[in-house]
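Engineer: Take this structure first; my questions come after.
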Amino acid sequence: MKAILSTFLDYKQADIETQIDLFKKLKLSHYMLRRIGGKAIYEMPLDKLDLIYPQFEKIRVLAVDPLLPSFHMDQMDGLDPYNQLLEETVTRVKKFNASYYVYTIPVFDETVNDYNHIVEVITKHIKIIRKYKLKILIKFSDKHTPKMYRYILDELKHKHVEIIFDYTYLYKINEAEVTAYRILRDYIGMLIMEDIDKTGAGRVIGSGEHIPVARIAKRFIKKSFDGYIVLDSSLVELLGTANGQGWFSKLVSKKTKHELKIYNDFIERYTSADTYRVLLVQMAVLSLMFLNKKIALG
């Protein structure tokens with residue numbers, strides 16, 4: 001079985017109609033849901049969600065990241081209210097008929113010696129999510145290290161709990177992606193694809209020349225990874241705002257000048273920088289990289 005490709009669609013605070021239109025135009029098979037109109041799923045009014053759920057009756061939702069903030073282990077008095085909020089959020093996710101719930105482990109100091117209580121809290125959270133028959137993808141968060149995630153996953157020993165491998169997160173916390181991959185490879189269910197340059201600006205996949213994206217991809221290809229490859233591109237937002245900067249910022253800001261050059265280079269090569277075009281170009285790269293299949297750019 002080959003890996004399945006998808007992308008987030010919630011760029012530029014896109015409403016649900018815009019996202020579904022992108023989903024269809026990109027000919028995706030699995031939908032990744034995170035925000036609607038710029039709002040996280042867990043904080044949206046229920047009456048608005050009730051109007052949205054029917055639109056997903058014929059769409060296969062791979063995973064929902066509700067962006068629920070992590071629980072803080074130094075605030076144990078708030079555990080019961082948090083667990084209630086988690087369950088309410090899970091019920092929202094379930095109504096999308098999603099396969100996976102994207103979960104973040106609690107915030108805690110990794111220098112503590114006793115992790116039993118932390119594992120107990122996570123185990124309770126997993127039980128709440130599994131009660132609704134959702135599988136779990138753990139997302140990197142709060143500067144937690146690969147070794148800590150491996151410890152927790154080993155302790156959980158749960159066949160329906162996997163981890164999302166996000167190499168840009170690792171880069172930002174100065175963790176070697178090679179080591180992280182070796183530590184976590186047995187538990188990886190999803191790979192997030194993104195590219196940035198040395199300034200942190202988004203780039204087309206494989207062109208950032210700062211993170212070894214091709215080398216990372218080869219590890220997954222060599223392993224015959226059959227999970228999910230998901231694009232989460234900061235380039236979309238960058239291109240959407242770069243050309244709209246004020247004249248003074250364009251004149252004096254090094255950051256704006258750099259982003260404007262990225263914008264102009266993209267336009268010169270691909271003619272348009274609308275969201276569909278930016279995503280299509282990068283999905284074409286991923287398709288060739290992981291599936292050895294070309295996608296016509298038109």
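Engineer: State the number of residues belonging to segment 88-122 that are within 22 Å of Asp142 (Cα to Cα) and either open to solvent by 50 Å² or more (accessible area, probe 1.4 Å) or assigned to a loop (DSSP other than H, G, I, E, B) (or both).
Structural biologist: 14
Engineer: Among the residues of segment 127-143, is any within 23 Å of Ile183 (Cβ to Cβ) and of a type in the set (Asp, Glu)?
Structural biologist: Within segment 127-143, one or more residues are within 23 Å of Ile183 (Cβ to Cβ) and of a type in the set (Asp, Glu).
Engineer: Return the residues of segment 38-59 that are closer than 26 Å to Ile105 by Cα and in a loop (DSSP other than H, G, I, E, B); say none if nothing qualifies.
Structural biologist: Gly38, Met44, Pro45 - these are the residues of segment 38-59 that are closer than 26 Å to Ile105 by Cα and in a loop (DSSP other than H, G, I, E, B).
Engineer: Residue under question is Leu28, and the condition is that it be part of a loop (DSSP other than H, G, I, E, B) and either within 19 Å of the chain's Cα centre (by Cα) or surrounded by fewer than 11 Cβ atoms within 10 Å (Cβ to Cβ) (or both); does it hold?
Structural biologist: yes
Engineer: In addition: Pick from segment 160-213 the residues that are at positive phi and of a type outside the set (Gly, Ala, Ser): which of them is surrounded by the most Cβ atoms within 10 Å (Cβ to Cβ)?
Structural biologist: If we take residues in segment 160-213 being at positive phi and of a type outside the set (Gly, Ala, Ser), then Glu209 is surrounded by the most Cβ atoms within 10 Å (Cβ to Cβ).
Engineer: Let me ask another. Select from segment 74-87 the residues that are among the hydrophobic types (A, V, I, L, M, F, W, C) and more than 14 Å from Lys131 (Cβ to Cβ) and write down the one among them that is surrounded by the fewest Cβ atoms within 10 Å (Cβ to Cβ).
Structural biologist: Here the answer is Met76.
Engineer: Let me ask you something else. Considering only segment 188-235, state which residues are touching a Ser or Thr at 6+ places or on another chain (Cβ under 8 Å), in a loop (DSSP other than H, G, I, E, B) and closer than 16 Å to Met32 by Cα.
Structural biologist: If the condition is that a residue be touching a Ser or Thr at 6+ places or on another chain (Cβ under 8 Å), in a loop (DSSP other than H, G, I, E, B) and closer than 16 Å to Met32 by Cα, then Glu194, Asp232, Ser233 are the ones that fit.
Quick grid of which residues meet (1) closer than 28 Å to Asp15 by Cα; (2) among the aliphatic types (A, V, I, L, M); (3) modelled with pLDDT under 95; (4) under 21 Å from the mean Cα position of the chain (by Cα):
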position	(1), (2), (3), (4)
Tyr42	yes, no, no, yes
His72	no, no, no, no
Leu79	no, yes, no, no
Leu85	yes, yes, no, no
Val93	yes, yes, no, yes
Phe96	yes, no, no, yes
Ser99	yes, no, no, yes
Val121	no, yes, no, no
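Engineer: Test Ile262 against the stated conditions and say whether it is at pLDDT 85 or above and open to solvent by less than 30 Å² (accessible area, probe 1.4 Å).
Structural biologist: Spelling it out, it is not the case that Ile262 is at pLDDT 85 or above and open to solvent by less than 30 Å² (accessible area, probe 1.4 Å).
Engineer: Would you check if Thr7 is of a type in the set (Ser, Thr, Tyr) and assigned to a helix (DSSP H, G or I)?
Structural biologist: Against the criterion (of a type in the set (Ser, Thr, Tyr) and assigned to a helix (DSSP H, G or I)), Thr7 does not qualify.
Engineer: Mind telling me which of the residues His144, His125 ends up being farther than 24 Å from Glu43 by Cα and in contact (Cβ under 8 Å) with a residue 24 or more places away in the chain?
Structural biologist: Among His144, His125, only His144 is farther than 24 Å from Glu43 by Cα and in contact (Cβ under 8 Å) with a residue 24 or more places away in the chain.
Engineer: Condition first: open to solvent by less than 10 Å² (accessible area, probe 1.4 Å) and either in contact with a Ser or Thr (Cβ under 9 Å, 6 or more places away or on another chain) or not in a strand (DSSP E or B) (or both). Now tell me which residues in segment 129-151 satisfy that.
Structural biologist: Residues satisfying the conditions are Ile129, Leu134, Ile138, His144, Pro146, Tyr149.
Engineer: Here is a follow-up. What is the number of the single condition among (1) within 27 Å of Asp226 (Cβ to Cβ); (2) at pLDDT below 95 that Ser6 does not meet?
Structural biologist: In the conditions (1) within 27 Å of Asp226 (Cβ to Cβ); (2) at pLDDT below 95, Ser6 misses (2) alone.
The values are calculated or read from the model by the stated rules, or taken from the named source; none is laboratory data. Given the structure is predicted, the values throughout are model-derived calculations rather than measurements. Cβ coordinates were reconstructed from backbone atoms using ideal geometry, including for glycine residues, and neighbour counts include every protein chain displayed. Accessible surface areas use protein heavy atoms only, side chains included; no ligands, DNA or RNA. Shrake-Rupley method; radii C 1.70, N 1.55, O 1.52, S 1.80 Å.
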